[in-house]
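Colleague: Encoded as structure tokens, here's the structure I'll be asking about.
Every number here is computed from the coordinates shown, using simple stated rules; none is lab data. Keep in mind that what you see is a predicted model, and the values were worked out from it rather than measured. Positions of Cβ are generated from backbone atoms using ideal geometry, with glycine treated the same way; all protein chains shown enter the neighbour counts.
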Amino acid sequence: MIKARPEVESLTPYVAPLEGRRGLLRLDFNESTRGPSPDVLEAIRALPPEAYAAYPEYAGLDEAFAETLGITAEHVEAFNGADAAIKAVFDAYGDKGATFLTTTPTFGYYDPCAQQQGMTIDEVPYPADLSYPLAAIEKRLQTGPRLFFVCNPNNPTGTLIEPEIIVDLARSAPQTLVVVDELYAPFTGKSVVPQALALPNVVALHSLSKIHGLAALRLGFAVGHPAILDRLRRVTGPYDINMLAVVAGKAALADPAHVKRYVEDVLAAKAWTLAQLERLGVRHSTGAGNYVLVWPPGEVGAVVEGLRARGILVRSMGRRPVIGGSFRLTIGLMGDMETFMAAFANVIGRGE
Ligand SMILES: Cc1ncc(COP(=O)(O)O)c(C=O)c1O
């Protein structure tokens, strides 16, 4: 058998349990439980055959996203999901033996991308209270890592830091590319955009997967200095974003009321869910984003299976550092959370 590069042979791939989920209540991947704006479905249904036969055209897409942030399109580049932007960052800026600095636990796709490049991974653990380990990060940044990722709010801990702090960190480390994964920023209203746009070493990542309900179509955006976006473009294929994503993305961005309502509904359902967990006396986190960590009494695997048997999916955090024994619960709409809470109370034997 022909061997791949040594970094690939020794790679631990990012594997997400994403099969067989249709028809279940999906509270495991922070997706929208409402789905996209009806305008998206209409725009796709209205497409002529030619739209499928021709290579995709991208005019107006970056502009439409830039407009939602109140910035100009030179600061925006679309990708095949934020995941493809993450991969492009490592392809363009990662280097064998160079250091990738981040925190742990965090979003699981960063590490395999760093491993593919043969980078040295330096992960600072969150303390037990899940606050951001700022002092340790400041210290590590002084050693000049090539890449530094901050997920804000962090998935899965919900840890949120002020954008000003990230901008200060970036200013203190001009030799480091600072990537701010802001996928869940619509739930907090806190972003390094636009303040960080002038800095030549910061790029923020956004996505239409979650609140816009377009996870299946894959559309994300890198937002930052044009010089960084140019380098990311160089390592990305010419037609990596498909035509349906472009059409759906434009229609979704043209209906901001749909997204605003979803965020409001989720935040209300989150407040209710946290109060219910409190009432049940179950340990949980209270950070930002459309998700919370729940430490059920007993073995987490059994509870996750018990919920699945009742048609509800949540994501076990198993033995992950700092948050072992918990599962991540996506917050959906009020009705979803009522369904979850009734089943959960039953599974842990604290039902009415
Ligand atoms: C923090 C974070 N970054 C990136 C992604 C990937 O987003 P996309 O679906 O746009 O590739 C996710 C998806 O779960 C995420 O939680």
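Colleague: Express in nm, to one decimal, how much length is gained between Asn346 and Ile121 on full extension, taking 0.36 nm for each residue of separation and deducting their alpha carbon distance.
Modeller: Details: separation 225, 0.36 × 225 = 81.00 nm, distance 4.16 nm.
That pair, Asn346 and Ile121, stretches by 76.8 nm at full extension.
Colleague: Related question: How far apart, in nm, are the 7 Å Cα→Cβ label points at Asp168 and Trp272?
Modeller: Placing both labels 7 Å along Cα→Cβ, they lie 3.9 nm apart.
Colleague: Counting other C-beta atoms within 10 Å, which of Leu130, Leu253 has the fewest, and how do the rest follow?
Modeller: With the sparsest Cβ surroundings first, the list reads Leu130, Leu253.
Colleague: Now, a different point. Roughly speaking, what is the stretch gain from Asp240 to Arg283, that is 0.36 nm per residue apart minus the C-alpha to C-alpha distance, in nm to one decimal?
Modeller: On the way: separation 43, 0.36 × 43 = 15.48 nm, distance 4.25 nm.
So the chain would gain 11.2 nm between Asp240 and Arg283.
Colleague: If the chain between Thr68 and Glu7 were fully stretched, how many nm would it gain, using 0.36 nm times the residue separation less the Cα-Cα distance?
Modeller: Contour length minus the Cα-Cα distance gives 18.0 nm.
Colleague: Arrange Thr68, Thr143, Thr104 by Cβ neighbour counts within 10 Å, fewest through most, would you?
Modeller: Going from sparsest to densest Cβ surroundings: Thr143, Thr68, Thr104.
Colleague: Taking the Cα-to-Cβ direction at Arg34 and at Arg261 and moving 7 Å from each Cα, how far apart do the two end points lie in nm?
Modeller: 0.6 nm
Colleague: As an exercise, use a Förster radius of 35 Å and the Cβ-Cβ distance of Ala227 and Ile44 to find the FRET efficiency, rounded to the nearest 0.05.
Modeller: Once the sixth-power term is evaluated, E becomes 0.50.
Colleague: Give the lysines whose C-alpha is closer than 27 Å to that of Lys139, dropping any in the same chain fewer than 8 places away, or say none.
Modeller: Lys87, Lys96, Lys190
Colleague: Take every Cα pair under 8 Å in the chain that's 6+ residues apart, average their separations, divide by the length, and report that relative contact order as a whole percent.
Modeller: Normalised by residue count, the contact order of the chain is 23 percent.
Colleague: If you don't mind, there's one more thing I want to ask. Across the chain, what fraction of all alpha-carbon pairs, as a whole percent, falls in each successive 20 Å bin from zero upward?
Modeller: Going out from 0 Å in 20 Å bins, the chain shows 29, 58, 13, 0 percent.
Colleague: What is the list of residues in region 174-194 whose amide nitrogen lies under 20 Å from a point 7 angstrom out from the Cα of Ala98, following Cα to Cβ?
Modeller: 174-181
Colleague: Going by average Cβ density within 10 Å per residue, which order do the peptides 94-101, 31-38 take, highest to lowest? Intermediate values should be presented prior to the final figure.
Modeller: Working: 94-101: 17.0, 31-38: 19.2.
Going by the mean number of other Cβ atoms within 10 Å, highest first, we get 31-38, 94-101.
Colleague: Using the Karplus curve 6.51 cos²θ - 1.76 cosθ + 1.60 with θ = phi - 60°, work out ³J(HN,Hα) for each residue of region 273-280 in order, rounded to whole Hz, and write x for Gly and Pro.
Modeller: Values per residue, Gly and Pro as x: 4, 4, 5, 5, 5, 4, 4, 6 Hz.
Colleague: Once you put a point 7 Å from the Cα of Ala136 and another 7 Å from the Cα of Ala51, both along the Cβ direction, what distance in nm separates them?
Modeller: Using points 7 Å along Cα→Cβ, the separation is 4.9 nm.
Colleague: While we're here: For region 38-255, give the share of DSSP beta bridges that are antiparallel, in percent and rounded to the nearest 5; count only bridges with both residues there.
Modeller: For region 38-255, the DSSP antiparallel bridge percentage is about 35.
Colleague: Still on this structure: Show me the chymotrypsin sites (Phe, Trp or Tyr not before Pro) within region 184-285 that DSSP assigns to loop and that have at most 14 other Cβ atoms within 10 Å of their Cβ.
Modeller: Tyr239
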